[in-house]
1. Just need the relative contact order of the chain here, percent rounded to a whole number, with Cα pairs under 8 Å and 6+ apart.
2. Once every DSSP H run of n ≥ 4 in the chain is given -39500 (n - 2.57) and the sum is divided by its residues, what mean residue ellipticity at 222 nm do you get, rounded to the nearest 500 deg cm²/dmol?
3. If you count, for each residue, the other Cβ atoms within 10 Å and average over each peptide, how do 16-27, 76-87, 109-120 line up from highest to lowest?
4. Using a basic spin-label model with each label point 7 Å from the Cα along Cα→Cβ, how many nm lie between residue 27 and residue 92?
5. How far apart, in nm, are two points set 7 Å out from the Cα along the Cα-to-Cβ line at residue 118 and at residue 82?
6. Given a Förster radius of 25 Å and the C-beta distance between residue 101 and residue 74 as r, what FRET efficiency does 1/(1 + (r/R0)^6) yield to the nearest 0.05?
7. What's the extension gain from residue 18 to residue 54 if we count 0.36 nm per residue and subtract their Cα-Cα distance?
8. Over all alpha-carbon pairs in the chain, figure out the percentage whose distance exceeds 24 Å.
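FYI, it's all coordinate maths here, none of it is from the lab. As the structure is a computational prediction, the values presented were derived from the model and not from experiment. Cβ placement follows ideal geometry from the backbone for every residue including glycine, while neighbour counts extend to all protein chains displayed.
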């Protein structure tokens, strides 16, 4: 199938599919005309890429992890024990980012709470 069909079947734009190719996440065959030729397996690969992106992984990590996951119904299952360490490290990174965001929110809440009651908040009237 050509890139337009893959885009329609996956809901991923052609531009993003080309980006996945640049990141070595997809490797379509090329026709003599230069057109990309995708297979059914590429539909599944794009679904796995989207799932891993939704899980917070970047494309560099996905390139490492992708060969070691398979779909089992709606979920991804690791198939390489070595890859599990990468996923655990990514989970730790995400937890740290969440903790940092909580700290930022708490600091902002503190600043907001210190505002005098008579300060008008744009779009909300008096605070």
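1. 15 percent
2. Computed mean residue ellipticity for the chain: -18500 deg cm²/dmol.
3. 16-27, 76-87, 109-120
4. 3.1 nm
5. 6.9 nm
6. The value I calculate is 0.35.
7. Full extension from residue 18 to residue 54 adds 11.1 nm.
8. 49 percent
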